[in-house]
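Report on one structure; see the data block that follows.
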Amino acid sequence: LSDVEFLLTDSSGNFIGTNNGRYVTNSAGEILVEGLIPGTTVVAREVRAKPGYLLDDSPQYALIRSGETVGLEFRNAPAGNLVIVKRSSSGTHEPLEGVEFKITYADGSYVPDENGQLSSNGLYVTDQNGQINLSITGTLVVTEVASIPGYAIDEETRSQTVVVNPADTQKLYFYNKPLCNLTLLKRDAANHQPL
């Protein structure tokens, strides 16, 4: 897999190389690090997976020996996909942009953004298509926390649980009812002019 980012340190935590220990796999899915000192223990940790794959953040270790090339192999399982679809319950079912959802794993921990690199506190907002798209696997609890003005949250479907397996796509649909408007007019009893 190309474009996967790794952090390489020695056993004391010192970065290896000139880019603060950061390396990215090439088109063959490889990284070659030359000029390492024999006796060094290299600690390799995947920090950014390729989109569509799950991060393998378990570190691996390699003891460098003189005249030898040491190999480490990381395997990434394909991620599943979760598509949250937010629409109006009116006849046209237009998409609703800007609706906020909290997404957690079944144990209550937040689903982080960008392969765990950004903290979203589990909060996500629908895009202009009324959707949230995530590459993820596991048992997830999706709860609508804030609608947009003019729409009411449907309490019966506010929170939904779904299991997303690797290489699987699951869709959850949420519909909000448009609120009705009420206009009150205050008029003079004698001449019916607005007050």
Magnitude of the Cβ-charge dipole of region 7-166, K/R +1 and D/E -1, about the Cα centre, nearest 20 debye?
240 debye
Overall form of region 1-87 per C-alpha gyration tensor (a/c, 1.5; a/b vs b/c):
prolate
Rh by Kirkwood over Cα pairs, then Stokes-Einstein D for region 11-58 at 1.002 mPa s and 20 °C, µm²/s
171 µm²/s
One would report the Cα pair-distance distribution of region 58-101, bin width 10 Å, in %, as 17, 24, 14, 13, 14, 12, 5, 0
nm² value of the averaged projected area, convex hull over the Cα atoms of region 132-195:
6.4 nm²
Need the full-extension length gain, Val47 to Val33, defined as separation in residues times 0.36 nm minus the C-alpha distance. One decimal, nm.
3.3 nm
Where does the longest stretch of the chain lie that holds no trypsin sites (Lys or Arg not before Pro) found in a DSSP loop with 15 or fewer other Cβ atoms within 10 Å?
76-157
Across Ile84, Ile64, Ile153, the residue with the highest GNM fluctuation in the chain (Cα network, 10 Å cutoff) is Ile64
Counting C-alpha atoms alone, how compact is region 43-195: give Rg to one decimal and Dmax as a whole number, in angstrom.
23.9, 104
Skipping prolines and chain starts, which residues have an amide H placed within reach, meaning under 5 Å, of the one on Ile136, given they are 5 or more residues away or on another chain?
Gly80, Asn81, Leu82
Give me the distance between the Cα centres of region 143-195 and region 38-108, rounded to whole Å.
33 Å
How far is it, in nm, from the label point at Tyr105 to the one at Ser90 when both lie 7 Å from their Cα along the line to the Cβ?
4.1 nm
Please enumerate, by chain and number, the aspartates and glutamates with C-alpha under 14 Å from the C-alpha of Lys102, excluding those fewer than 8 residues away in the same chain.
Asp113, Glu144
Full-stretch length increase - Asp113, Leu185 - with 0.36 nm per residue and alpha-carbon distance subtracted:
21.1 nm
Spacing of the two label points (7 Å from each Cα toward its C-beta) at Asp127 and Ser2, in nm
2.2 nm
Solvent-accessible heavy-atom area per residue, rounded to whole Å², over region 1-49 at 1.4 Å:
60 Å²
Run the simple label-point estimate for Arg158 and Glu97 please: 7 Å along Cα→C-beta, distance reported in nm.
2.7 nm
Place +1 on the Cβ of every Lys and Arg and -1 on the Cβ of every Asp and Glu in the chain, take the dipole about the Cα centre, and give the residue among Thr25, Gln131, Val47 whose Cα lies farthest towards its positive end.
Gln131
Segment Arg75-Asn20, length gained on full extension (0.36 nm per residue, minus Cα span)
17.4 nm
Enter the accessible area of Phe15 (Å², nearest 10), with the probe set to 1.4 Å and all protein chains included.
120 Å²
Report the residue, chosen from Val33, Val83, Val125, that carries the largest GNM mean-square fluctuation when the chain is represented by alpha-carbon nodes joined by springs under 10 Å.
Val33
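The values are calculated or read from the model by the stated rules, or taken from the named source; none is laboratory data. All figures in this text were calculated on a predicted structure; none of them were measured in a lab. Virtual Cβ from ideal backbone geometry, glycine too; neighbours counted across all protein chains shown. Side chains are part of the model used for accessible areas, which takes the heavy atoms of the whole protein and leaves out ligands, DNA and RNA. Shrake-Rupley method; radii C 1.70, N 1.55, O 1.52, S 1.80 Å.
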